[in-house]
Amino acid sequence: MCGRFNLTASGEEFAEAFDLDEAPQRAPRDTIAPTRPEAGGRRGAGTGQRRRSALRWGLVPEGAPETDRGHINARAETAGQKPSFREAFARRRCLIPATGFYEWQRTTAKKRRPWVFTLASGQPFAFAGLWEPPARDGASPTCAILTTDPNDVTRPVHDRM
């Protein structure tokens, strides 16, 4: 499952790919790790308009203990049935932009080899995601990436994508 991703596209490329009115001011990031804040896209409450939003990667469901770091991934096949994701799956979906994602292939019992997967065009894409409002005062909204069975390209490296 996705444990790291990157977003190396410029603000202009990002705006063009996601039909934003203006290019975001952001620095390219080669590695985005769980619990890090990152831009996401979600629909505004009541307006339905797409908007850019800062989301912390690691979905913390409502009522979770304060020590909960969150779930970074959710299986698309079962997210709608799991208590941790059910509400977000039904009502709070988002897009999480990226230019690549990393998977690690086990080479021996103790070693893994990292692989990065990108579109052949090099253009940004988006993960399907779920988000939750801040679980605590002063916290950021949180998100998780939906994963699925691998395609033919990623299957030799990992059992999810």
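The values are calculated or read from the model by the stated rules, or taken from the named source; none is laboratory data. Just so it is clear, the model here is predicted, and its values are computed rather than measured. Every residue, glycine as well, gets a Cβ built from its backbone with ideal geometry; the counts of neighbours run over all protein chains shown. Areas reflect the complete protein model, heavy atoms only, side chains present, ligands, DNA and RNA absent. Shrake-Rupley method; radii C 1.70, N 1.55, O 1.52, S 1.80 Å.
For the reader, a short list of remarks on this structure follows.
- Cβ-Cβ under 7 Å pairs, at least 6 apart or on other chains, region 89-100 side under 15 Å from GLU16 (Cα atoms), far side in a helix (DSSP H, G or I): PRO97/PHE14
Every residue, every condition in (1) in a strand (DSSP E or B); (2) modelled with pLDDT of 95 or more; (3) open to solvent by less than 70 Å² (accessible area, probe 1.4 Å), yes or no:
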{"position": "GLU38", "(1), (2), (3)": "yes, no, yes"}
{"position": "ALA74", "(1), (2), (3)": "yes, yes, yes"}
{"position": "GLU103", "(1), (2), (3)": "yes, no, yes"}
{"position": "LYS110", "(1), (2), (3)": "no, no, no"}
{"position": "GLY122", "(1), (2), (3)": "no, no, yes"}
{"position": "ALA126", "(1), (2), (3)": "yes, no, yes"}
{"position": "GLY138", "(1), (2), (3)": "no, no, no"}
{"position": "CYS143", "(1), (2), (3)": "yes, no, yes"}
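- Scanning region 76-94 for residues that are touching a Phe, Trp or Tyr at 6+ places or on another chain (Cβ under 7 Å) and closer than 29 Å to GLU12 by Cα yields ARG92, CYS94.
- Meets criteria (at pLDDT 85 or above and open to solvent by less than 50 Å² (accessible area, probe 1.4 Å)) for GLY70: yes
- Contact map, region 18-47: first residue of a type outside the set (Gly, Ala, Ser), second residue modelled with pLDDT under 70 and not in a strand (DSSP E or B), Cβ cut-off under 7 Å, separation 6 or more or different chains; pairs are ARG43/GLN49.
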